[in-house]
Amino acid sequence: MTTLRQVSIAGFRRACAILCLCVALATVMMSCAKHQTVLRAEHGDVARQDPLTAWLTCIECTEGQLDSLVARASTTTASNGAMRDTLERAVVVGPTNTELAATRTASEQDYVSIQLSLSELGDSAMAQSREEYADSEVGAFIRLYRIRAAVALVRIDRARARAIIASAARAARDLSVRDALIRTLRDTLRAPNGP
Amino acid sequence: MRHPIALVVAVAVVARVTMLPNVARAATTLLQLEVTVGRGTSSSSAKVQESFVVARPNAVTGTTCWLSKETASGKAVFDGACSYGEVLAFSKNRGATWNSAANPTLGVTLGTRRNVNLNIHLFVEKDSAAVWEKRIAAWVTKARTIFGATNPIGLTFSSSTTWHTEAAGDLVGEGCDANRGAKASSTSLYYVANQITVYVVSGVYEAQTPLQGVKCATPSNLIYLSQAKARSVALAHEIGHVLGLHHALGALAADESKNLMVDVPRSAFNLLTAGQAVRTLLDTRSWLNASTASFSSAAAVPNASRANCDTSTLCPADTLEWTKLP
């Protein structure tokens, strides 16, 4: 009996030890996953895979990129409703202050890096000042962001998009933004399924 | 720590069974390849700060063994796996150079950076032309640093910008057609065959999608950039397409790669891999290999040694990195 009891206690202890290990491991894994999510968000890795951000910032845009975004935003879930809200806000006011600040900082760093490379090459310095360069980059970023958002919004909800874009075009101080928004509106009238 | 005045050299050894003499094919033991890279002469007074060597398909077995090495001394040794054959040398601040040898030692003398003319046409109202010319100069400068300093591709760009009214932009249009062909008027008016022509127009569209820029398929040296939307990296990115590079996919598309050919670039996406550098010179579709290229006679790779890198195993993978000394 004593032996059996000792075996039983030993088994119980082993089971407890394994359970504790599992709990500890799970805790560490959850902690790591959470940490990793934060890190990925900080480094923009999540954003890279986000179809909304990809669409708003791509150079040429791959085929189907807009289709994928529209398909996701057209389903009726809370997060996709939020995506539509984000697009509407993007058309009317453009990027967030955080995005603008990040773009400006990155552009300034880029400028410094270009100047450094120019000195390595023995070439003459940039004609633009750092501020002018950053202004150009931020300006293009804003315009691209608003215009692409308008195009996506039209595909998701044409009637609502027309009202929002018309209002945004009237309020736009940047003429190139205004022209591009008007063009987007014009295209919606031309093509029944476009742009 | 690398020697501060050492050459920045990347050598891609492109041995091809069919081109090697019989003695090479008959070899039973793989030989070591020693590449000596000469500095050559250059008008640039700038010091170069790093050295690389890259290498390639096996001359004897035909198996692919692209390798990349860095050298601080101007000499790179590849053990057995990569035997002798053809060599492509790249360097920062110097032009890419091709050579071949049927013995295990090979010398490569670097040339001067190859100059590509950018024939830029700006369509904008006169009152903002000066601002735009300054911006375009910054785009060109950025391209020059990306292809000449940040990456050892050995190219430089000179540019001439011609101003036209915004209305004249209607003649060249808003991009290529659905098949990425150019409108007839866009190739008859301002296009120059032996330069890269860039139209900076108010907006660039493809299938009603607003783009930052686009490169036409025909002709392959025609680029459209959008005044409203193009960021500075767009010109260098489109030049990458002109040189035969595709969009970065897979591992190269990761943010960490900071690859120039990523279609959704963030800050300072300006890097190219050794594999991409080789493609710009080896791929038959690279405009550097086009008969219209103004420096065609000085092209780095002879016709017989070029390949379609999408289908040929003679090209390295785009993911082949520059390998630095530990």
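The values are calculated or read from the model by the stated rules, or taken from the named source; none is laboratory data. Because the structure is a prediction, the values reported are computed rather than measured. Every residue, glycine as well, gets a Cβ built from its backbone with ideal geometry; the counts of neighbours run over all protein chains shown.
Observations on the model:
- Residue count for region A:104-151, restricted to those that are more than 7 Å from chain B (Cβ to nearest Cβ) and either in contact with a strand residue (DSSP E or B) (Cβ under 6 Å, 6 or more places away or on another chain) or closer than 19 Å to B:Leu211 by Cα (or both): 7.
- Taken together, the residues in region A:169-180 that are at pLDDT 90 or above and buried (at least 19 other Cβ atoms within 10 Å of the Cβ) amount to 2.
- Restricting attention to region B:212-251, the residues that are assigned to a helix (DSSP H, G or I), within 19 Å of B:Gly181 (Cα to Cα) and more than 15 Å from the chain's Cα centre (by Cα) add up to 0.
- Residue among A:Glu60, A:Glu42 that alone is at pLDDT below 75 and either buried (at least 18 other Cβ atoms within 10 Å of the Cβ) or of a type in the set (Asp, Glu) (or both): A:Glu42
- Region A:98-110 residues that are closer than 18 Å to B:Lys258 by Cα and surrounded by fewer than 16 Cβ atoms within 10 Å (Cβ to Cβ), paired with ones that are modelled with pLDDT under 95 and of a type in the set (Ser, Thr, Tyr) (beta carbon under 7 Å, 6 or more apart): A:Gln109/B:Ser267
- Figure legend. Inter-residue proximity from region B:174-199: first residues at negative phi, second residues surrounded by fewer than 20 Cβ atoms within 10 Å (Cβ to Cβ) and among the β-branched types (Val, Ile, Thr), beta-carbon distance below 6 Å, spacing 6+ or different chains. Indicated pairs: B:Gly181/B:Thr218; B:Ala193/B:Thr292; B:Asn194/B:Thr292.
- Checking each residue in region B:148-168 for being in a loop (DSSP other than H, G, I, E, B) and either within 12 Å of chain A (Cβ to nearest Cβ) or among the small types (Gly, Ala, Ser) (or both) picks out B:Asn151, B:Pro152, B:Gly154, B:Glu166, B:Ala167, B:Ala168.
- Residue check for B:Glu238: among the acidic types (Asp, Glu), in contact with a strand residue (DSSP E or B) (Cβ under 7 Å, 6 or more places away or on another chain) and within 21 Å of B:Ala149 (Cα to Cα): yes
Per-residue answers, yes or no, for (1) at pLDDT 90 or above; (2) within 12 Å of chain B (Cβ to nearest Cβ); (3) surrounded by 22 or more Cβ atoms within 10 Å (Cβ to Cβ); (4) more than 17 Å from the chain's Cα centre (by Cα):
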residue: A:Pro95; (1), (2), (3), (4): yes, no, no, no
residue: A:Leu153; (1), (2), (3), (4): yes, no, yes, no
residue: A:Asp157; (1), (2), (3), (4): no, no, no, yes
residue: A:Ser167; (1), (2), (3), (4): yes, no, no, yes
residue: A:Arg186; (1), (2), (3), (4): no, yes, no, yes
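- Extreme residue, farthest from A:Met126 (Cα to Cα), among residues of region B:103-134 that are charged (D, E, K, R) and free of Cβ contacts under 8 Å to residues at least 24 places away in the same chain: B:Asp127
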